Amino acid sequence: MTLPRDYRGQTCALARSMEIVGERWTLLILRDAFYGVRRFGEFAAHLGVPRAVLSDRLATLTGAGVLERRPGTGTGRREVYALTPKGVALWPAVRALTAWGEEFHAAEGGPRRAFLHAGDEAPLAPDGRCTECGAAVPVADVLVVPGPGLAPASPDDDPVTAALARPHRLLTPLLTTAPPGRSTRGSQR
């Protein structure tokens, strides 16, 4: 029996939320949007997601007001995707799922990425508080840095993976220009 695409008969807020963020790939797209990925090709190259699936998930997220499409800078007609305030409000859920995964399904060698408070560069606790000053750190003040489990850089890395090998503030565009070529090979990193 094929599973239905929706949660008919479920009336709770969690079921309504899952209608938007519960499909395969959606949370990874949101994670990358927090990292600063903005262009369709960047999402496709970094995630290795089929283009039709990515197009569907981006349409769902924009239709729900989680992402918005904006004109890109520079030449050409390429648009970029950016988190809306509704999308930014998903950060605690994305952060909590990441922390849960690190605790119960850790990668060999440790986390691939670590989250720090940009103000004092102290690690964030699983609840999003700075371990040094105790502040609840807003997403715009979170610094993502390579963790001990991140594999060494490779010449085959897609532009997003290469850029994430350096410290970077969340929500800040990761790549300022469209990457050359249209690689669809994802690194899964």
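Worth pointing out:
- Sorting the segments 93-101, 156-164 by their residues' average number of neighbouring beta-carbon atoms within 10 angstrom, most packed first, yields 156-164, 93-101.
- Fraction of alpha-carbon pairs over 21 Å apart in the stretch 1-70 - percent: 27 percent
- Computed from phi, the 3J(HN,Hα) profile of the stretch 9-21 under the Karplus parametrisation 6.51, -1.76, 1.60 (θ = phi - 60°) reads x, 9, 10, 7, 4, 5, 4, 5, 5, 5, 4, 9, 10 Hz, with x in place of Gly and Pro.
- Protein accessible area in the stretch 25-147, 1.4 Å probe - carbon and sulfur %: 57 percent
- Over the chain, Cα pairs under 8 Å with separation of 6+ residues give a relative contact order of 26 percent.
- Only Cα pairs under 8 Å and 6+ residues apart enter the sum, and on that basis the relative contact order of the stretch 1-100 stands at 23 percent.
- Average projection area in nm² (convex hull over Cα atoms of the chain, one quarter of hull surface): 12.5 nm²
- Note on residue 84 and residue 125: their simple-model spin labels are 3.3 nm apart, each label 7 Å out from Cα toward Cβ.
- For the pair the stretch 150-171 / the stretch 28-50, the C-alpha centres are spaced 13 Å from each other.
- Once backbone amide H atoms are built at 1.01 Å from N, residue 67 has 62, 84 as its partners under 5 Å, excluding neighbours fewer than 5 places away on the same chain.
- Relative contact order of the stretch 14-68, pairs being alpha-carbon contacts under 8 Å that are 6 or more residues apart, as %: 34 percent
- Derived scalar couplings ³J(HN,Hα) [the stretch 89-104; Karplus, 6.51 cos²θ - 1.76 cosθ + 1.60; whole Hz; x for Gly, Pro]: 5, 7, 3, x, 5, 5, 4, 5, 5, 5, 4, 4, x, 5, 6, 9
The values are calculated or read from the model by the stated rules, or taken from the named source; none is laboratory data. Values in this document were obtained by computation on a predicted structure and should not be read as measured data. Note that each Cβ is placed from the backbone with ideal geometry, even for glycine, and that neighbours are counted across all protein chains shown. Just the protein is used for accessible areas: all its heavy atoms, side chains included, with ligands, DNA and RNA removed. Shrake-Rupley method; radii C 1.70, N 1.55, O 1.52, S 1.80 Å.
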